[in-house]
Amino acid sequence: MLLNLSNHPKSTWGKKQTEIAIALYGTITDINFPAIDPEADEKEIHKLTKEYFEDCKKLLSQSTDKNNAVHIMGEMTFCFTLIKMLQQYNIKCIASTTRRIVTKNNSLTKTSRFEFVQFRKYPKLKL
C-alpha cells in the first residue's frame, strides 16, 4: 500500500506516476494533507504529526500488499518530523521527483509543467 500524504490526490496524478505506484505498492490510499498554520509553533507541529503518525500506522497495519510506504510531500517541518517518526518504526517514506518544463508565453509570462520522473526514498540519516 502506498499512503499518499500530499496536496495532490491520486486522481490528479499522471498515468506514469499512477502505474509505477501500483506496480511498486499495489494500492494507493489518499490521506488529506493538513492545512498547517504558518504561525504554528514546534509544539503544535509535533502534536499534529503524532496524530498523522498514528493514522499512518493504523492504515498500514491493515495492508495486505507486500510493499508499503508513505508518499509524503508538503510543509517542510511537518514532513521532516513525520518522516523521522515513521522511519523509527521502519516505515519507508518516499517523495516524488519531477522535471520542470517551462514554456515562455511572451516576455512577461511563462507556464511551468511538472513531469513525474520517479519515487525517491527519504534516506535514514545516522549522525
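Throughout, read-outs are computed from the coordinates displayed, never taken from laboratory work. Bear in mind that the values here come from a model prediction, so they are computed numbers and not experimental data. Virtual Cβ from ideal backbone geometry, glycine too; neighbours counted across all protein chains shown.
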Relative contact order of the chain, pairs being alpha-carbon contacts under 8 Å that are 6 or more residues apart, as %: 25 percent
Crossing angle, helix 76-88 versus the chain [Cα axis fit, 0-90 degrees, rounded to tens]: 40 degrees
Trypsin sites (Lys or Arg not before Pro) restricted to region 1-72 and DSSP loop, no more than 12 other C-beta within 10 Å: LYS66
Net length gained if the chain between THR18 and THR111 were fully extended (0.36 nm per residue, minus Cα distance): 31.1 nm
Nearest-ten-degree value, helix 15-25 long axis tilted from longest Cα axis of the chain: 20 degrees
Helix axis angle, 42-61 relative to the chain longest principal axis, alpha carbon, degrees: 80 degrees
Loop-located chymotrypsin sites (Phe, Trp or Tyr not before Pro) in region 57-127 whose Cβ has at most 13 other Cβ within 10 Å (DSSP): TYR89
Nearest-0.05 FRET efficiency for ALA35 and GLN88, computed from C-beta distance (R0 25 Å): 0.45
Residues of region 46-77 with amide N under 17 Å of a point placed 7 Å along Cα→Cβ from ARG100: 74-76
